[in-house]
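Before any comments, here is the structure.
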Amino acid sequence: MLQSKIFSKTNKNKLAEGESVSNDLLARAGFIDQLMAGVFSFLPLGFLVLKNIEKIIRENMENAGGQEILMPVLQPKENWLKTGRWTSLDVLFKLKGSGDKEYALGATHEEVVSPLAKKVIFSYRDLPMSVFQIQTKFRDELRAKSGILRTREFLMKDMYSFHASQEDLDKYYDKIIKVYFNIFKELGIRNKTYLTLASGGSFSKYSHEFQMVTEAGEDLIYICQKCKTAINKEIFFEIKNCPNCNNLNKFSAQGGPASGWEEKKAVEVGNIFKLGTKYSAPFDLKFRDKDASEKPVIMGCYGIGLSRALGAVVEANCDEKGIMWPKKIAPFTGHLIELKSKRKIVKNTAQKIYQDLKKEGIKVLYDDREDKSAGEKFAEADLIGIPLRIIVSEKTLEKKSVEIKERGKNIVKFVKIKQLIKIFK
């Protein structure tokens, strides 16, 4: 992609005070644009990152046995009345259509996937089964803040599993925990993400959140220093011992945790629940077992917010100059920077390198702009955060080389132009 033609502009001035680091950097680097509170456009650079995150999540869900589907955003009121959430879910967007028809905009999809599964699942032979989608969700958040970390419209992966027994659900649930940690490893946030106990699902004492530690987070978690299990603040003060290692939960005179526990701000990047029959029962979702008896299908659900994950990645991978994208989700592998020169050979060489890399399937952002100084180009490159910077200048051509520098590192290397493709490969 030519940087002179990209559908965005960078901004060297920081946003207003109180904004999260990720929102400031993503907006200034031209990845996102805010339409109104809690609603964002993803510009070309941001959309490329979002698609890379989507690819990682999709591959992991398919490896876990999930089948991808796409369900409607517009949902009938009747389904939400059956589960009681038409009145109890306070973030639900409600719409009125023609006549007396009322609808909900999908905040989640249990009310759709359960009656859908009823048309597919009849026998124990049909179980277990899991389906997932990657789709826009809508939630009427009272406090949309921190940029894309808390929004009213967001991209989400939600998966639903269907089981004949609690034991089978438990086994699959534990498998998904490992799958989620693999996703967060690929996203570059595994070392800051904790499996966190939260208030329970329908058939279990606890549900689980995946909380990434960041000052931009609105959640408080308490991390056991003995086993690194984390507990959400909502249930922490009711627990006398760590459920994982039995570490004693003591409190200081000020009401906070004493030694052995660490309090951290965090943002939820994923959650999983054992739903039991909470959403299968209202829709009479049953299966016929081996003994010919009818039994309710037992369900689990598993969510990851893609747009929120994008913001979390930036919170965890940045410095004072800008973003430092992990290689797997960076919008481009390399940032080719042509420095201004009166010698035409500099531009010709840069253009040839760009075309050669493109032919090899290597994604490159080419800064071909002639009205920017070297300093401006370098500052923007640091802000945008592509992993590898390739500089073409009169100085480098004297050595028949290009200058290579990794984002976040001070080491500069000169690499022969003929060897460049091998480095990327």
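The values are calculated or read from the model by the stated rules, or taken from the named source; none is laboratory data. All of these numbers come straight from a predicted model, not from anything done at the bench. Positions of Cβ are backbone-derived with ideal geometry, glycine not excepted, and every protein chain shown enters the neighbour counts.
Brief remarks on what is shown
- Number of residues in segment 79-101 that are farther than 24 Å from residue 144 by Cβ and touching a strand residue (DSSP E or B) at 6+ places or on another chain (Cβ under 9 Å) equals 3.
- Residue-level check: of (1) over 30 Å from residue 214 (Cα atoms); (2) assigned by TED's automatic domain parsing to the domain that holds residue 208; (3) surrounded by 15 or more Cβ atoms within 10 Å (Cβ to Cβ), residue 351 misses just (2).
- Residue that is surrounded by the most Cβ atoms within 10 Å (Cβ to Cβ), among those in segment 190-238 that are in a loop (DSSP other than H, G, I, E, B) and hydroxyl-bearing (Ser, Thr, Tyr): 214
- Taking first residues from segment 25-42 that are outside the structural domain of residue 381 (by TED's automatic domain parsing) and partners that are part of a strand (DSSP E or B) and aromatic (Phe, Trp, Tyr), the Cβ contacts under 7 Å between residues at least 6 apart in sequence or on separate chains come to 32/40; 32/42; 33/40; 34/40.
- Residue list for segment 1-52, filter: small (Gly, Ala, Ser), closer than 23 Å to residue 361 by Cβ and in contact with a helix residue (DSSP H, G or I) (Cβ under 9 Å, 6 or more places away or on another chain): 46
- Checking residue 100 against (1) in contact (Cβ under 8 Å) with a residue 40 or more places away in the chain; (2) out of contact with any Asp or Glu (no Cβ under 6 Å at 6 or more places or on another chain); (3) surrounded by fewer than 19 Cβ atoms within 10 Å (Cβ to Cβ), the condition it does not meet: (1)
- Annotation note: Cβ proximity below 6 Å between a residue of segment 321-334 that is in contact (Cβ under 8 Å) with a residue 12 or more places away in the chain and a residue that is of a type in the set (Val, Ile, Thr) and assigned to a loop (DSSP other than H, G, I, E, B) (sequence gap 6+ or interchain) occurs for 330/386; 332/386; 333/362.
- Flag for residue 148 being closer than 15 Å to residue 287 by Cβ, in contact (Cβ under 8 Å) with a residue 40 or more places away in the chain and surrounded by 19 or more Cβ atoms within 10 Å (Cβ to Cβ): no
- Options 263, 315: the member that is among the acidic types (Asp, Glu) and either surrounded by fewer than 24 Cβ atoms within 10 Å (Cβ to Cβ) or in contact with a Lys or Arg (Cβ under 6 Å, 6 or more places away or on another chain) (or both): 263
- If the condition is being within 13 Å of residue 110 (Cα to Cα), out of contact with any helix residue (DSSP H, G or I) (no Cβ under 7 Å at 6 or more places or on another chain) and part of a loop (DSSP other than H, G, I, E, B), then segment 256-295 contributes 277, 278.
- Of all residues in segment 354-377 being exposed (fewer than 15 other Cβ atoms within 10 Å of the Cβ) and without any contact (Cβ under 8 Å) to a residue 24 or more places away in the chain, the one that is farthest from residue 393 (Cα to Cα): 361
- Boolean, residue 43 is touching an Asp or Glu at 6+ places or on another chain (Cβ under 7 Å), under 30 Å from residue 382 (Cβ atoms), of a type outside the set (Phe, Trp, Tyr) and surrounded by fewer than 16 Cβ atoms within 10 Å (Cβ to Cβ): no
- Filter result for residue 235 (of a type in the set (A, V, I, L, M), modelled with pLDDT of 80 or more, within 19 Å of residue 181 (Cα to Cα) and assigned by TED's automatic domain parsing to the domain that holds residue 123): no
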